[in-house]
1. What lysines could a cross-link reach from Lys528, if we take a straight Cα to Cα line under 22 Å and drop same-chain neighbours fewer than 8 places away?
2. Give a quick list of GluC sites (Glu not before Pro) in the stretch 258-330 that DSSP marks as loop, anything other than H, G, I, E or B, with at most 13 other Cβ atoms within 10 Å.
3. Over the chain, what is the relative contact order in percent, taking alpha-carbon pairs closer than 8 angstrom and at least six residues apart?
4. Would you be so kind as to identify which of Ala345, Ala316, Ala326 lies farthest towards the positive end of the dipole of the stretch 316-356, taking Lys and Arg as +1 and Asp and Glu as -1 on Cβ and the Cα centre as origin?
5. Return the loop-located trypsin sites (Lys or Arg not before Pro) in the stretch 415-510 (DSSP other than H, G, I, E, B) with at most 10 other Cβ atoms within 10 Å of their own Cβ; answer none if there are none.
6. Taking θ as phi - 60°, what are the ³J(HN,Hα) couplings along the stretch 195-204 by the Karplus curve (6.51, -1.76, 1.60), each to the nearest whole Hz, with x for Gly and Pro?
7. Calculate, for Ser144 and Ser664, the FRET efficiency according to 1/(1 + (r/R0)^6) with r their C-beta to C-beta distance and R0 30 Å; round to the nearest 0.05.
8. Calculate, for the stretch 605-703, the solvent-accessible area per residue in square angstrom, rolling a 1.4 angstrom probe over the heavy atoms of the protein chains.
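The values are calculated or read from the model by the stated rules, or taken from the named source; none is laboratory data. Note that the structure is predicted; figures quoted are calculated from it, not measured. A quick note on method: Cβ atoms are made from the backbone with ideal geometry, for glycine too, and the neighbour counts reach across all protein chains shown. With ligands, DNA and RNA removed, areas are computed over all heavy atoms of the protein, side chains included. Shrake-Rupley method; radii C 1.70, N 1.55, O 1.52, S 1.80 Å.
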Amino acid sequence: MIVKAPVSRRNFLRITTIAGGGIMVGFSLLSEAEIPAHIAEGAVFTPNAYITIDTKGLVTLMAPNPEIGQGVKTALPMILAEELNVKWDSVYVEMAPLDKKYGNQVAGGSGAIRSRFTPIRQAGATARVMLISAAATQWNVPESECYAEDGFVIHKPSGKKIGYGDLAAKAATLPVPTDVKLKDPKDFKIIGTRVANVDNKKIVTGQPLYGMDTRREGMLFAMVSRPPAFGKSLDSFDDTEARKVAGVKNVVKAGNVVAVLATSTWAAKKGRDKLKVVWKDTGKLESTTEHDIVFKEMILKKSEKPGRNDGDIETAFAGGGKVIEAIYECPALSHAPMEPINFFADVRDGKCELYGPTQVPANMRTSVAAALNIPEENVSLGMPRQGGGFGRKLRPDNGVEAALISAAAKCPVQMFWTREDDIQGDFYRAPAMYKYKAVIGKDNTLDGWHVSSASFGGASVPNGFPAATIPHFRHDNHSVKTNIQMGPWRAPTSNVAAFADETFMDELAHEMKKDPIALRLELLEKAKTAPVGQVSYDIDKFKSVINLVAEMSKWGKNTRPNVYYGFASYFSFHTYAAHVAEITKTNGKLRVTKVYSAINCGRVVNLSGAENQVQGAIVDGLSHALFSKITFDQGAVMQKNFHTYKFMRMKDAPLEVIVKFVPSEDAPTGLGEPGLPPVAPAVGNAIFAATGKRYRKLPFELA
């Protein structure tokens, strides 16, 4: 594979000689970063993002995307090390600060590896080619006689070799090549292998990695009293008793909240408990029961502009076939990441220093600058490792709140939330309701499919499977307004749409007396040979995961007593996933004992990390399918902590989650989210197989 570099160096590559004779290779997606002190030793201050090779041969990558547990801090340098031909243990990873020249510094949409894969390969390959050129020049031999391996350039005829560190100064003086040959994937030694997370040791030994670990001189801990319900605002407060608590140093108003600042988290909490706050009604106080009534009214209607409308659905329903109808319901959910919301801010002299967990650092900076009414260039932002995000940290409210408190208190603050704050002040996964109606023709094929959904935003995927496989197909979506905070939650839209789509498909297979997997393969073949309208998914990739998981689970051949199976598949974030859930019935009680998962996500970079992502998504999806829900009453969230917002416990976890990846030469696609959507329908379909009862409402809440 030959990659042509743009003519302008600034658009792709910069070479700079550093003090001590090192080479720095920067590229458009990785630019404008400070060089780590352990490498530069104070001698380099060039404001660029670089791949750095020092005179000792140490390679450093400034990782641009936030690390929220998805493994990019490990996978990105693996890609670099592969093309650079260095040993894995010679690569050092630094988390890059925010800068617009890094490109899209976002952790969301399962896109970090997808967007960085080729640029990082290019940068590594370019550095490798230049190091080979430097060695060939030094030895006065043709470059074709030299190759790179494990951080050395080797002269094939003579066996001579020289380390990258010894070549760095010379390589920095060479012209940048315009044609760079990337490695043939068959020669990969690192990509596709199992590599442990680079932060594992720090995590298990409790070293400071997270925003909650931040400590600065003069810093106070801030705990905030917020409105107890959506639709209420701050009226007045009395902080007399709060200020009497030992350790409390200040109480300030910051927008619509009151913050207690203290020398410890406990003192801040005790001070907040003593606050006397009066809240006033400023908006409608909504309840889940009201939402359900509105949703039920909306799903009976057609929208003015359907998301998709193939054929004539009314003609199909009037044709005399067997009509099947069902309604599905999904609740609101909280993100509840293991690391509760927190942020450090130090506002002084018209500037703001920020440090904390965010999936959208650029948006965070913009939002904080607007809240403080200062220029964006006066806001600096550092990013620690994060204890989960799942979409919650796509919102910048935590950094804005910390900055406003620091500005009001005139001191650096570490703002933190309790678990109760986190669950009751979230941007929730929106609840959704669906009405499905399908018609089975006289030849026992699907003639019509209609879905009408209602939610606080989009709740359906109009062009997803089985679109293009059914002659008459219509998708209607109804968006309802709310004053309750809603936001993206792991695999947005797909996490609810998959449950409804794939459960209804299983119901239809049962009515048609067809095997659920056979029915899907039959429909996919129709999309291939006689598509109806646009096909927005890759039929062969869809088939690949369905066939693989059927083989893995021995679908249709496992006939052990009291063991039942359910299937579901889904396409989201450029990736195809198919699951088979195994349920065991013991003394009348059901338990998910095993989940088989087949994934087609293009080339896998880190096999260990990839398996972890899918297994984590399955456990996450299973937990929320079985237990979790958020309900509202007069604007207030009824769940407070994990005793009421229930998560899976160890005793409920599957005994085994088996993951296999379809071999692929394609570039990597998304992986953090696609494993979740098929979980709930696969489990629900297995429950039906075990009990004959169809669960159409989440969570299942099995007895």
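1. In chain and number order, the partners are Lys514, Lys541, Lys543.
2. Numbers: sites: Glu286, Glu290, Glu297, Glu304, Glu314, Glu325, Glu329; in loops: Glu286, Glu304.
When the GluC sites (Glu not before Pro) of the stretch 258-330 are filtered for loop state and at most 13 Cβ neighbours within 10 Å, Glu304 remain.
3. Details: 1605 pairs, mean separation 95.0, N = 703.
Normalised by residue count, the contact order of the chain is 14 percent.
4. Comparing the listed Cα positions along the dipole, Ala316 ranks first.
5. For trypsin sites (Lys or Arg not before Pro) across the stretch 415-510 that sit outside H, G, I, E and B with at most 10 neighbouring Cβ atoms in 10 Å, the list reads Lys442, Lys481.
6. 10, 5, 4, 5, 9, 3, 4, 5, 5, 6
7. On the way: r = 32 Å, r/R0 = 1.06.
Calculated value: 0.40.
8. Values: 4070 Å² over 99 residues.
That works out to 41 Å² for each residue.
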